[in-house]
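One structure is given below, encoded as structure tokens.
The values are calculated or read from the model by the stated rules, or taken from the named source; none is laboratory data. The model shown is predicted, which means the values in this text are computed figures rather than measured ones. As a convention, Cβ positions derive from the backbone with ideal geometry for all residues, glycine included, and neighbour counts pool all protein chains shown.
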Amino acid sequence: MQKFLTKRAIASGISLMILVVLVFFLSRLTGDPTDLYLPIDASLEARENFREIHGLNDPLIVQFGRYLGDLVTLDFGDSIRKSRPALEVVLEAFKWTLALALITIALVSFAAIVLGSLAAFNVGGVFDRIATFFSLIGASAPDFWIAIVAIVLFSVNLGWLPTSGTGTVWHWVLPIAVLFIRPFGLILQVVRGSMITALSSAYVKTARAKGVKPRPVIFVHGLRNGMLPVVTVIGDQAAGMLNGAVVVESIFGFPGVGKLMIDSILQRDFTVVLAAIMVTAFAIFLMNILIDIAYAVLDPRIRY
Amino acid sequence: MRHTTARLMGGVAALVLAAPAWAEGEITIALNEELELVEPCMASQSNIGRVILQNISETLTELDPTNGQLKPRLAESWEEVDADTWRFKLRSGVTFSDGSAFDAADVKHSMERTVSTTISCEIGAKFFGGMKIDVAVVDDTTVEITSDPAQPILPLLMSTLTIVPSETPVEFVQTPVGTGPYVLAEWNAGQNIILTAREGYWGEAPQVTKATYVFRSDDAVRAAMVGTGEADIVPLINQNDATNPATDFSYPNSETTYLRVDNMTAPLNDIRVRKALNLAIDRDAFLGTLIPADATKAVQMVVPTTLGSNPDLQPWPFDPDQAKALVEEARAAGVPVDTEIEMVCRIGNFPNVTEVCEALQQMFADVGLNVKLTMVEVAEWVQLYSKPFAEDRGPRMVMAMHDNNRGDPVFSMYFKYACEGLQSGLCDADLDKMIADATAATGDARGPAWQPVFKKVHEDLVADVFLFHMVGFSRVAEKLDFVPTIATNSELQLAQIKFK
């Protein structure tokens, strides 16, 4: 296992370095950020001074060398917009995205596994119809529409929930509910399909013939063998959430990394863009390791 | 089962009761974007100004934008010593929120810090660029400020300079200290900023004792927060959300929308073509449809409450027949009127900007002009709007929304119409002299000096296509006694907010 982890770490490290180089140079192709930070009437002297303060006058290769040197000490530089360390800015935002993503994916996984398994046990039954309904909703309704409709219904008309913000546990209900729908629909179908295969296998038929009750048939014998593809899809969806849910963050006022990234790209806040990509990439790397470990736990035949 | 239900209901009740109950004197303000900084020398940015300006940090003088009058604030009086020097008498008995006394040394340091090249202050770049300013301390309550070149509007410029203690480092601060009635109590990045009223303020104690600023980028959500009780003031709502006359106010926001015309490139260098552009537009058709009904047709770069605005100028009429005739006349004279003219508009510049530009393009086509619309994002727009212009450029018009909330044309006219002006599309020696003379005019002569400048731009040169003086919309909870004004575009003085 240690050898496996070391190999993965080295491979991921190489990928991260390539990403750093690509993003550093590609982001600077978008142009000079000076015009975005100074008033339109700022003099040429003021613009030159701004470039000097932020090291934008140096040749690109010099800027890159300086950046690499600072990276060794995990110094990603200062945000041009916020005049604070870029890493600090990103980690502040990332904690919100991480919390949203972890809670949502946990709820999605639990609900999808339970409902998908019940749907597979009795194809065409009540649970199967409910599963199909949610899958269709998840695939067809856009996030921003669901979010606005939810706010109009639950906040403005019924007054049950706040419109936005992060203050209390009630503030998290709508954002999580909106984020929940699409991955739930997808994972539900994956669980259903995987479980139909598992539940039609010979050993399950034998268990049912021997009179084993439905619950252990589904959740002990069938589920463990049907989980591998499900774990893969859960991991993929979690990775997407870790990149930040821009729509949910913008509408509900969650200061997450998705909105931070979009704003930083538009404002050419290069240091924050790079720091956000690095932090997110590292988080996804850790998550992939966890998924690989999950494979080994679920299937004893898989060993690293 | 009963125990479980009871526990569940108790938990719900606890969570509901844990929701904050707003105390007397507390308000919540929903801004459209998060503040990147709380640095006083950046207070010329709208949202930073709404938090900092005259709440935490004060200025020597204060402009009343509704009538253009300059009022005392930290300076009690001022007088012109000579052409390039003004003496300001400072208010005594004023303290900063850290307890230190306000005196002349603080004014000197605030100016030096704002124009320093060590940091990039927006106030310095916007209002004090291109001049050398020296602040001399005469005594603890007197300063003499000398400028080169001479600035007849120096007292007005001092309404932009936020005053900080002389101990403030020359770097952006995270905890601003000022003489204002409030202190920054909390700054939770990404979530909120909380200001609380402080003891020892030199002026009248405000009714608002605590203000919480939250940030919501979605227009509909922001507007809905007042109705649900989550916010009390939303300084900026979308026109489409301004549906409740009890809570929604429109106010002139000191912005003027116009098309900057490149007067140097054919066919736009022909005055007949520029007249045709103006005559082709049915400005009335926009009002109440794509542009708010309360907006007004513009005839000059500044709003009518600005010193020196010319009340005799009239908007161009909608006369497509005359426009066509002018185009044909130009064509007959050899002007290449069929050349494609690029009209550049900025994405998100103002609500319905895309539709407005599409409508303008069609109106120009209807009179025989070949106009191509290009929508660009802000960074590219800045490159096209400001000099240096590309040498090989074709004929171009750029849609812009210019903000002058400082009450004097000097903040607009040089940049937009002088030969060396950064956004100027023309070069006229007579106009340059008129702008220079008006800039140097003082006292009662200043207003009359600017009026002919506006006339020359609008009627004699027909330099640009003026469209509208815009309005903004705010929503204010009914419990508050507060009416947004033109100042709301750039500041929100909590001390002016009362409870009914």
*asked:* Being within 22 Å of B:Leu53 (Cβ to Cβ) and touching a residue at least 60 places away in the same chain (Cβ under 8 Å) is the filter here; which residues of region B:119-147 pass it?
replied: B:Ile119, B:Cys121, B:Glu122, B:Ile123, B:Gly124, B:Lys126, B:Phe127, B:Ile145
*When only residues in region B:367-380 that are within 9 Å of chain A (Cβ to nearest Cβ) and not in a loop (DSSP other than H, G, I, E, B) count, which is farthest from B:Met343 (Cα to Cα)?*
B:Ala379
*Single match in A:Ser155, A:Ser194, A:Ser117 (criterion: within 14 Å of another protein chain (Cβ to nearest Cβ), in a helix (DSSP H, G or I), among the polar types (S, T, N, Q) and crowded, with 20+ Cβ neighbours inside 10 Å)*: A:Ser155
*Those residues that are facing another protein chain (nearest Cβ under 9 Å) and either within 27 Å of the chain's Cα centre (by Cα) or at pLDDT 90 or above (or both), I need them from region A:53-79; list them, please.*
A:Ser79
*State all residues of region B:221-240 that are outside any loop (DSSP other than H, G, I, E, B), crowded, with 18+ Cβ neighbours inside 10 Å and within 14 Å of another protein chain (Cβ to nearest Cβ); if no residue qualifies, say none.*
B:Val221, B:Arg222, B:Ala223, B:Ala224, B:Met225, B:Val226, B:Val234, B:Ile237
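Is at least one residue of region B:204-218 without any contact (Cβ under 8 Å) to a residue 60 or more places away in the chain, surrounded by fewer than 22 Cβ atoms within 10 Å (Cβ to Cβ), within 12 Å of chain A (Cβ to nearest Cβ) and not hydroxyl-bearing (Ser, Thr, Tyr)?
The answer is yes, given that some residue of region B:204-218 is without any contact (Cβ under 8 Å) to a residue 60 or more places away in the chain, surrounded by fewer than 22 Cβ atoms within 10 Å (Cβ to Cβ), within 12 Å of chain A (Cβ to nearest Cβ) and not hydroxyl-bearing (Ser, Thr, Tyr).
Looking only at region B:180-189, how many residues end up being of a type outside the set (Phe, Trp, Tyr) and surrounded by fewer than 21 Cβ atoms within 10 Å (Cβ to Cβ)?
4
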*Have a look at B:Met397, B:Met401 and point out the one that is touching a residue at least 40 places away in the same chain (Cβ under 8 Å) and within 30 Å of B:Glu62 (Cβ to Cβ).*
B:Met401
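Could you list, in sequence order, all residues of region B:242-256 that are among the hydroxyl-bearing types (Ser, Thr, Tyr) and touching a strand residue (DSSP E or B) at 6+ places or on another chain (Cβ under 8 Å)?
Selection gives B:Thr247, B:Ser250, B:Tyr251, B:Ser254, B:Thr256.
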*Is it true that some residue in region A:134-146 is out of contact with any His (no Cβ under 8 Å at 6 or more places or on another chain), surrounded by 15 or more Cβ atoms within 10 Å (Cβ to Cβ) and without any contact (Cβ under 8 Å) to a residue 40 or more places away in the chain?*
yes
*Residues in region A:162-179 that are closer than 15 Å to A:Ile146 by Cβ, surrounded by fewer than 20 Cβ atoms within 10 Å (Cβ to Cβ) and not β-branched (Val, Ile, Thr): how many?*
1
*asked:* Six or more apart or on different chains, Cβ atoms under 7 Å: show the pairs whose first residue is in region B:73-92 and farther than 27 Å from B:Ile56 by Cα and aliphatic (A, V, I, L, M) and whose second is at pLDDT 95 or above and not in a loop (DSSP other than H, G, I, E, B).
replied: B:Val81/B:Arg87; B:Val81/B:Glu144
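Within region B:489-500, restricting attention to residues that are touching a Lys or Arg at 6+ places or on another chain (Cβ under 8 Å) and closer than 18 Å to B:Ile56 by Cα, which residue is modelled with the lowest pLDDT?
B:Ser490
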*Could you tell me whether B:Lys456 is of a type in the set (Lys, Arg) and closer than 19 Å to B:Ala211 by Cα?*
no
*Yes or no: B:Phe466 part of a strand (DSSP E or B) and modelled with pLDDT of 95 or more?*
yes
